[in-house]
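Sending over a structure as structure tokens; questions will come in a sec.
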Amino acid sequence: MGDSDDLPGSDSEMVVSRGETYNHAKHGQVEVTGIWKGVENIDKARHTDEKDVVIIRYSAEINGEEVDELTDPLDEFLQSIK
């Protein structure tokens, strides 16, 4: 317990990748355009018990217009695409 290799619960198997599309509960089909951990841009993210917040930026079509600056913390994004 406490090792950085320990991953919690069933969400630990869910990986979000930049450039991939997902079915979002609120916005429908969305494309991940960025993944940020602190101030670093990363390519993939996995639910972990790390204290650093991972932010997912994604685009969606809302009312016929593409919106590309939507963001959620990783945990909230994972809940929305289940």
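Coordinate-derived values only; no laboratory data. Values in this document were obtained by computation on a predicted structure and should not be read as measured data. Note: ideal-geometry Cβ built from the backbone for every residue, glycine included; neighbour counts use all protein chains shown.
Highest mean first, what order results for 56-63, 24-31 on Cβ atoms within 10 Å? List each step's numbers first, then the result.
Numbers: 56-63: 16.5, 24-31: 13.9.
In decreasing order of mean packing, 56-63, 24-31 become 56-63, 24-31.
At 0.36 nm per residue, and after removing the present C-alpha to C-alpha distance, how many nm does the segment from residue 82 to residue 67 gain when stretched out fully? Intermediate results must be reported in sequence, preceding the final value.
On the way: separation 15, 0.36 × 15 = 5.40 nm, distance 2.15 nm.
Answer, rounded to one decimal: 3.3 nm.
Under 12 Å from the Cβ of residue 26, count the other residues' Cβ atoms, weight Lys and Arg +1, Asp and Glu -1, and hand me the total.
Working: positive: none; negative: 72, 76.
Charge balance in the 12 Å sphere: -2.
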